[in-house]
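S.K.: Pasting in a structure now, in structure tokens, and then I'll have a few things to ask.
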Amino acid sequence: MLRFTAGAGDLLASRFAIAPLLELDKLLRRLSGRAGRPLPRDWSERLRPVYRRLRAETELDAVLALCAPQYGADFVAPPPQGLAQTVDDDLARVRATPLSLAREEIAECLRHRPTDDQRVLSVLRGRHVVARIADVLEIAWHELLADDWPRLRAICERDVVHRAGLLSREGWAAAIAGLDPRTRWHDGAIEIQLRYASATIDLKGAGLLLIPSVFVWPNVSAYTERPWPKALVYPARGISALWEPTTPADPGAIGDLIGRSRAQLLAELDDPASTTQLARSLGMAPSAVGDHLTVLRRAGLLSKARSGRSVLYRRTPLGDALAAQQ
């Protein structure tokens with residue numbers, strides 16, 4: 001069991017964040033067969049040819065060598081700093097990694113998973129290893145994940161909205177327990193059931209980063225090593241549709257009544273969401289989503305409220321009743 005001991009100051013300092021390069025790291029692990037369940041067939045058929053080409057044409061194998069089971073080089077997927085994190089932010093942090101820290105983490109990876117591949121070792125032992133790794137990550141991001149990221153980011157953002165609401169209503173104990181069945185608040189600590197980790201770590205007032213992830217499912221993971229911020233990575237709510245695809249529900253008579261797109265939006269609002277998040281989730285133009293939301297709100301099916309910089313839409317009781325008929 002991993003325990004993060006936390007005082008009142010730690011809870012105040014804890015925050016949610018989104019981590020683009022972490023998702024790339026988890027995706028590469030799945031494509032390599034080293035972690036997690038296989039990708040759904042449609043994703044696999046689309047990405048595997050690209051993955052094989054990148055292994056042949058770039059130094060991607062050097063990155064894969066840093067994805068050892070139960071251990072990974074944190075500088076390849078550094079903990080994010082907040083909800084506005086972009087892949088460019090992440091790549092800038094990778095490129096700023098001190099060479100001494102990179103060498104330390106590389107050595108630990110090779111201890112867990114030795115290799116005699118001279119092409120890989122020439123990259124990992126070179127004095128420009130940090131820049132070369134960052135360049136490969138940038139290529140892999142654009143080739144493998146960039147097109148899907150808006151939809152995946154929307155899933156993570158909506159998870160944060162849900163967790164923040166739970167936190168405000170029921171407090172930290174409920175919010176932590178709700179992250180995953182393996183997490184709980186107990187006796188002044190955030191406890192995480194992990195097979196490969198057993199330690200007690202004092203957060204010392206710095207708080208804990210809570211990072212929703214698509215590709216970590218069905219597991220959880222954590223950042224525990226210095227000098228990185230301590231973090232918990234948990235499966236984002238609502239990702240089961242990605243891993244267990246089903247035939248989209250036919251809106252039926254509700255679609256005939258209010259239009260198929262509006263029926264889709266109504267069904268999508270099981271949790272509050274912004275116009276941008278809905279557009280990303282459904283692959284619709286934000287302007288079209290905005291027009292449909294206005295009509296649904298005028299009909300009394302939705303309400304809206306500001307949350308920070310965003311305006312979130314949610315179903316009214318009438319909207320819930322109508323959505324239940326789909």
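S.K.: How much FRET efficiency would the formula 1/(1 + (r/R0)^6) give for L83 and D270, where r is the Cβ-Cβ distance and R0 is 25 Å, rounded to 0.05?
M.R.: 0.75
S.K.: Still on this structure: Just want to confirm a number: the relative contact order over segment 247-323, from Cα pairs under 8 angstrom separated by 6+ residues, in percent.
M.R.: RCO, segment 247-323: 31 percent.
S.K.: Provide, in order from the shortest bin, the percent of all Cα-Cα pairs of segment 20-150 in each 10 Å bin, continuing until the bin that contains the maximum pair distance.
M.R.: 12, 47, 35, 6, 0
S.K.: Report the extension gain between A146 and L318 in nm, rounded to one decimal, defined as 0.36 nm multiplied by the number of residues separating them, less their alpha carbon distance.
M.R.: Length difference between fully extended and current span is 58.2 nm.
S.K.: Follow-up question, since we're still on this one. Among E170, E59, E23, E108, what is the fewest-to-most ranking by other Cβ atoms within 10 Å?
M.R.: Ordered by Cβ neighbours within 10 Å, fewest first: E170, E108, E59, E23.
S.K.: Oh, and also: Whole-Hz Karplus ³J(HN,Hα) for segment 11-18, in order, using 6.51 cos²θ - 1.76 cosθ + 1.60 and θ = phi - 60°, x for Gly and Pro?
M.R.: Here the 3J(HN,Hα) series is 5, 5, 7, 5, 7, 8, 8, 10 Hz.
S.K.: Something else now. Looking at the chain, what % of its DSSP beta bridges pair antiparallel, to the nearest 5?
M.R.: In the chain, approximately 60 percent of DSSP beta bridges are antiparallel ones.
S.K.: Farthest toward the dipole's positive end in the chain, which of A175, L137, L54, given Cβ charges of +1 (Lys, Arg) and -1 (Asp, Glu) about the Cα centre?
M.R.: A175
S.K.: Still on this model: Relative to the first principal axis of the alpha-carbon coordinates of the chain, what is the inclination of helix 129-140, with its axis defined by its Cα atoms, in degrees from 0 to 90 and to the nearest 10?
M.R.: Tilt relative to the chain: about 30 degrees.
S.K.: Further question: Which value, in debye to the nearest 20, describes the size of the charge dipole of the chain about its Cα centre when Lys and Arg Cβ atoms bear +1, Asp and Glu Cβ atoms bear -1, and nothing else is charged?
M.R.: My answer is approximately 200 debye.
S.K.: Further, regarding this structure: Helix 99-112: angle to the longest alpha-carbon principal axis of the chain, degrees 0 to 90, nearest 10?
M.R.: Between the helix axis and the principal axis of the chain, the angle is about 90 degrees.
S.K.: Any idea what the relative contact order of segment 20-150 is, in percent, if you count C-alpha pairs under 8 Å spaced at least 6 apart?
M.R.: 33 percent
S.K.: Next question. Using Cβ counts within 10 Å as a stand-in for footprinting exposure, how do I192, I133 rank, fewest first?
M.R.: Listed from fewest to most nearby Cβ atoms, that is I192, I133.
S.K.: Among H162, H186, rank each residue by its count of other Cβ atoms within 10 Å, from fewest to most, as a rough exposure measure.
M.R.: So the ranking, lowest neighbour count to highest, is H186, H162.
S.K.: Let me ask something additional. Taking H placed 1.01 Å from N in the peptide plane, check which residues at least 5 places from L302 or on another chain put their amide H under 5 Å from its amide H.
M.R.: Sorted by chain and number, the residues that satisfy this are R297, T316.
S.K.: Return the Rg/Rh value of segment 247-323, two decimal places, where both radii are evaluated on C-alpha atoms and Rh is the Kirkwood radius.
M.R.: 0.94
S.K.: Sticking with this structure for a sec: Averaging sequence separations of C-alpha pairs under 8 Å and six or more residues apart, then dividing by the length of the chain, give the relative contact order as a whole percent.
M.R.: 23 percent
S.K.: Still on this structure, please answer the following. About the Cα centre of segment 247-323, what is the dipole size in debye to 20, counting +1 per Lys and Arg Cβ and -1 per Asp and Glu Cβ, all else neutral?
M.R.: Charge dipole of segment 247-323: 400 debye, to the nearest 20.
Here, each number is a calculation from the coordinates, and none is a lab measurement. Being a predicted model, the structure only gives us computed values, none of them experimental. Every residue, glycine among them, receives a Cβ derived from its backbone with ideal geometry; neighbour counts consider all protein chains shown.
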